[in-house]
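This report refers to the structure that appears directly beneath it.
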Amino acid sequence: MSKRLIIGNWKMNPPTLAEAKRIIRSTRTVAAILEHTDVVACPPYTYISSCISKKSHIVSIGSQAVSIHGGGAHTGEVSAGMLNDMGVQYVILGHSEQRAAGETDEIISKRIIATLEAGMIAVVCVGEKVRDEQGAYLDILKDQIKHTFAGVPSKYAKNVVIAYEPVWAIGAQEAMIPEQVYETSLFVKKVFSDIFSQESAMKVKVLYGGSVNFRNAGDIIRVGKVDGLLVGRESVNIPGFKELLKAVDVVVL
Ligand code: 13P
């Protein structure tokens with residue numbers, strides 16, 4: 001069994017470096033005792049260098065953003081090469097909060113390519129905004145995935161992780177029910193298979209994200225049968241994330 005992958009998306013948290021250091025230290029302490037789970041933390045840019053440990057690779061570090069450009073006159077941008085040079089291994093791309101701020105599938109596709117060309121893992125977020133009874137959301141999801149991966153060479157498919165995050169479940173009270181997570185993650189894999197290949201789809205990790213906490217994480221893995229989780233709020237809540245990681249690690253499938 002390949003290891004489960006739990007990625008913490010810290011978003012624009014915490015407010016101070018001292019707190020960021022406390023969160024990463026605690027995450028590392030718990031990650032060190034896990035047997036079946038790989039852990040990635042994605043802090044804001046400004047905390048990345050303090051969260052990367054030269055000595056300990058127990059928690060990998062990811063970025064929440066990357067430029068489409070390789071370098072040069074692009075004020076405010078950070079390139080994939082710069083991130084990789086610092087030791088960043090993952091980049092979250094296509095998050096609904098970025099899409100809502102105007103990021104298009106075309107731009108996301110360029111960011112994915114920049115990330116993969118630099119040798120990092122692209123964590124690509126997809127998910128419908130709403131669910132309808134007729135199932136139109138499945139077509140919307142399919143189109144979104146196809147457009148997001150347009151132009152991404154198939155040789156890179158092995159370095160892609162998909163984070164299925166239904167937008168309506170992000171920052172909500174409740175996560176999606178695990179049975180629906182199971183159904184939809186299979187659908188996502190099918191679309192990935194149509195774009196790349198069946199072999200790539202068998203290997204790609206599909207994570208679930210949206211209101212995951214220490215109480216529901218185990219069931220989402222057990223019943224939802226996903227390869228891991230993309231966790232927002234709970235990833236910066238020290239006691240909650242600790243329990244979440246332990247709960248995921250003990251699930252036997
Ligand atoms: P929450 O876990 O806070 O709902 O956020 C989910 C998310 O957007 C992770 O990328």
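Each value in this text was obtained by applying a stated rule to the coordinates, not by laboratory testing. What you are looking at is a predicted structure, and each value in this text was computed from that prediction instead of being measured. Neighbour counts are summed over all protein chains in view; Cβ atoms, including those assigned to glycine, are modelled from backbone coordinates with ideal geometry.
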Notebook entry, point to check: Gain in length, Ser197 to Lys21, computed as 0.36 nm per residue apart minus the alpha-carbon separation, to one decimal in nm?
Noted result: 59.3 nm
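Looking at segment 139-221 from every direction and averaging, what is the projected area of its Cα convex hull in nm²?
Details: hull surface 22.5 nm².
The Cα convex hull of segment 139-221, projected and averaged over all directions, gives 5.6 nm².
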Notebook entry, point to check: Tell me, how many Å apart are the Cα centres for segment 1-78 and for segment 175-203?
Noted result: 26
Note to self: Using a Gaussian network model on the chain with a 10 Å cutoff between Cα atoms, which of Met176, Met120, Met12 fluctuates the most?
What the structure shows: Met12
Checklist line | Loop GluC sites (Glu not before Pro), segment 26-130 (other Cβ atoms within 10 Å of the site Cβ: 13 or fewer; DSSP) | finding: Glu35
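Quick one, can you get me the convex hull of the C-alpha atoms of the chain expressed as volume per residue in Å³? Let's see the in-between values first.
Values: hull volume 31.3 nm³, N = 253.
Hull volume normalised by residue count: 124 Å³.
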Check: Expressed in nm², what is the orientationally averaged projection area of the convex hull enclosing the Cα positions of segment 34-163?
Finding: 9.7
Item checked: Using θ = phi - 60° and Karplus 6.51 cos²θ - 1.76 cosθ + 1.60, couplings along segment 40-56 (whole Hz; Gly, Pro as x) -> 10, 10, 10, x, x, 2, 5, 9, 4, 5, 6, 8, 7, 10, 5, 7, 10
Margin query: Taking only the Cα atoms of segment 101-168, how large is their convex hull per residue, in Å³?
Written below: 89
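Please give the charge dipole size of the chain, origin at the Cα centre, charges +1 on K and R Cβ atoms and -1 on D and E Cβ atoms. Round to the nearest 20 debye.
Values: 28 positive and 26 negative charges, 182 e Å.
Computed charge dipole of the chain: roughly 880 debye.
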